[in-house]
Amino acid sequence: MSDEIIIKYRPSPGQLPFHRDRYKVKYRGLIGGTGSGKSLGGAFEALSWSCELQGSVGLIVAPTFRNCKQIIVPALEDLLGMPLGHSPYVSKYNRTELTIEFVNGSRILMLGTDVSEVAEGLNIDWAWVDEARLMHDFGVTWKSVLRRLRGSGNVTPLDSHVPHGAVGAWVTTTPDQPRSALHLF
């Protein structure tokens, strides 16, 4: 197997600044209309962080656990061009727990906010919150995620453009109305 991982993705011109700022801006958002590729962009970021930061631990949060199964997993599989369990880059995929372990030692955990205290107890290197507008209490979820974003202690950057100790989080969602919890953040 080659060390090169092929991810099938072509960002739109509007998504390029979001991706270019990967290690420059700690907290980012990709906000756009329905069908504009937000979840695919978020999934691309998740795979990029997992591949570029060997041994990293990432967290993906969606409004419900079911959203992870119906939206996030298909987006990841679309980018890899095959089911997660068949990818040569994935050493273990648990469909019940929605965890992915990569051959480079990186891990992704997927949770829904229908699980109380969504991220408590974890030490993570990166986090992606998808469809934040649909979460019951985005503010509580975001604060919970940020408390866990302190690094796993296991990361080896695989490229010189990746800063040592990099941590980051991003949100993908459709716009929300003024004065909502999401709009205030």
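Entry comment: accessible area of the chain is 51 Å² per residue, from protein heavy atoms only and a probe of 1.4 Å.
Amide H to amide H, with H built 1.01 Å from N, Ser152 comes under 5 Å of Val57, Asp125, counting only residues 5 or more places away or on other chains. For Trp170, the residues whose amide H sits under 5 Å from its own are Arg28, Ala127, Trp128, Val129, ignoring neighbours fewer than 5 places away on the same chain, with H placed 1.01 Å from N. Here the chain is treated as an ellipsoid with the same Cα gyration tensor; its semi-axes, largest first and in whole Å, are 23, 18, 17. From the Kirkwood radius over Cα pairs of region 23-74, Stokes-Einstein at 37 °C and 0.692 mPa s returns a whole-number translational diffusion coefficient of 265 µm²/s. For Met82, the solvent-accessible surface computed with a 1.4 Å probe is close to 60 Å², ligands and nucleic acids excluded. For the chain, carbon and sulfur atoms together expose 51% of the accessible surface, with a 1.4 angstrom probe and every protein chain in place.
Computed from the C-alpha gyration tensor, the three semi-axes of the ellipsoid equivalent to region 1-107 are 21, 17, 14 Å, from longest to shortest.
The values are calculated or read from the model by the stated rules, or taken from the named source; none is laboratory data. In this text the structure is predicted, and so the values were computed from the model without any measurement. Keep in mind that these areas ignore ligands, DNA and RNA; they rest on the heavy atoms of the full protein, side chains included. Shrake-Rupley method; radii C 1.70, N 1.55, O 1.52, S 1.80 Å.
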